[in-house]
Amino acid sequence: MADSKHSIGDNGVRFKDKVAFVTGAASGIGRAIALAFATEGAEVIVGDMLEEEGVATVREIETSGGKAHFVKLDVSSLPEWHAAVQFALATCNGVDILINNAGISGTAFSEVLDVDAWHRLMSVNSDSAFLGTHCLVPVLRARGGGVIINMSSISAIRGQSNVHFGYNASKAAVHILSKSTAVQFGRDGIRCCSVHPGLMEPMRTSGNVKDPAVRAKFMERVPLGRTGVAADVVKPVLFLASDEASYITGVELYVDGGYLAG
Ligand SMILES: NC(=O)c1ccc[n+]([C@@H]2O[C@H](COP(=O)([O-])OP(=O)(O)OC[C@H]3O[C@@H](n4cnc5c(N)ncnc54)[C@H](O)[C@@H]3O)[C@@H](O)[C@H]2O)c1
């Protein structure tokens, strides 16, 4: 395995001839991950509900000499996943790496016990990772292996005030789904890990966490004393997806400035 799937190429490029499917790649962390994969030689499928912004990510990659394609995808919809994977197979002939990154914020809802919000958070943040895994495991198997990285959060590990329960629960589901994927498909050459960002730049759907006073209070518990930026998450994700991590699977990686250490 270690010699072929994601080796560092001639120019130190780790993902030459690989196809990376990144969800939520129209903005934020997903967009930064898509750009970085392309820089390191991968052909990238940019999956998102936001067409204009997703196409802009693709154009940016193409302008830098990379290869990318946009596919409109609601990650909570199984039919849309099937269509997106068909698109990837027709366009790129396969997929080697899946980054289940799309998500909505737990501070998007004012009432932490709201039932509709619970269902929305669970479907967009955790059903999505299962559906992507469901659709892409056969594709990765057909390639002789691959990597799935699921974007979780510190919210999977700690209870939090002013965050909808569904966010914590959905990110915890993604956490254990990653371990199950690692255990169940390791023999197929498929590795799977979860990545857990801490206090980052706000999401599009963030609510009270955009408030400077809320952020300042949170920051008191971040040992490194600063907000994380997308680049802080990109490098660990690319490392885990690369052959440098060929004997690493089923682990969680906290990218939180030390928050969970306290
Ligand atoms: N920003 C943070 O503070 C933070 C902290 C911990 C974890 N995370 C996680 O990191 C991931 C990326 O967050 P971000 O900060 O880049 O946020 P963001 O809001 O900038 O990006 C999320 C992307 O997901 C897309 N998306 C949302 N719902 C979708 C759906 N149903 N189908 C397809 N695409 C959909 C959005 O259009 C957007 O492009 C998320 O899973 C989030 O939960 C973020």
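Selection of the stretch 27-78 for residues being on the phi > 0 side of the Ramachandran plot and assigned to a loop (DSSP other than H, G, I, E, B) yields 41, 65. Within the stretch 203-246, being farther than 18 Å from residue 24 by Cβ, in contact with a Lys or Arg (Cβ under 8 Å, 6 or more places away or on another chain) and within 12 Å of the ligand (Cβ to nearest atom) holds for one residue alone: 227. Suppose we keep only residues that are under 17 Å from the mean Cα position of the chain (by Cα) and without any contact (Cβ under 8 Å) to a residue 60 or more places away in the chain within the stretch 141-155. Which one would you say is farthest from the ligand (Cβ to nearest atom)? So, considering only residues that are under 17 Å from the mean Cα position of the chain (by Cα) and without any contact (Cβ under 8 Å) to a residue 60 or more places away in the chain, the one farthest from the ligand (Cβ to nearest atom) is 148.
When 195, 237, 214 are checked against the criterion of being at negative phi, touching a strand residue (DSSP E or B) at 6+ places or on another chain (Cβ under 6 Å) and either exposed (fewer than 14 other Cβ atoms within 10 Å of the Cβ) or part of a helix (DSSP H, G or I) (or both), a single residue qualifies: 237. Within the stretch 82-97, one or more residues are under 16 Å from the mean Cα position of the chain (by Cα), assigned to a loop (DSSP other than H, G, I, E, B) and either within 22 Å of residue 182 (Cβ to Cβ) or at pLDDT 95 or above (or both).
For the stretch 105-112, the criterion of being surrounded by fewer than 24 Cβ atoms within 10 Å (Cβ to Cβ), over 23 Å from residue 233 (Cβ atoms), within 13 Å of the ligand (Cβ to nearest atom) and over 17 Å from the mean Cα position of the chain (by Cα) is met by none of the residues. Quickly run through the stretch 156-196 and pick out the residues that are under 24 Å from residue 214 (Cβ atoms), free of Cβ contacts under 8 Å to residues at least 12 places away in the same chain and among the polar types (S, T, N, Q). Scanning the stretch 156-196 gives a single hit, 161. Residues in the stretch 219-262 that are touching a Leu at 6+ places or on another chain (Cβ under 6 Å) and at pLDDT below 95: there are none. Among residues that are within 13 Å of the ligand (Cβ to nearest atom), under 15 Å from the mean Cα position of the chain (by Cα) and either in a helix (DSSP H, G or I) or more than 24 Å from residue 247 (Cα to Cα) (or both), residue 163 is not included.
For the stretch 165-192, filtering for residues that are closer than 23 Å to residue 96 by Cβ, among the hydroxyl-bearing types (Ser, Thr, Tyr) and crowded, with 16+ Cβ neighbours inside 10 Å leaves 2.
Condition first: surrounded by fewer than 20 Cβ atoms within 10 Å (Cβ to Cβ) and near the ligand (Cβ under 10 Å from one of its atoms). Can you find one or more residues in the stretch 76-84 that meet it?
Yes, because at least one residue in the stretch 76-84 is surrounded by fewer than 20 Cβ atoms within 10 Å (Cβ to Cβ) and near the ligand (Cβ under 10 Å from one of its atoms).
The values are calculated or read from the model by the stated rules, or taken from the named source; none is laboratory data. Because the structure is predicted, anything quoted here is derived from the model rather than measured. Backbone-built Cβ (ideal geometry, glycine too); neighbour counts: all protein chains shown.
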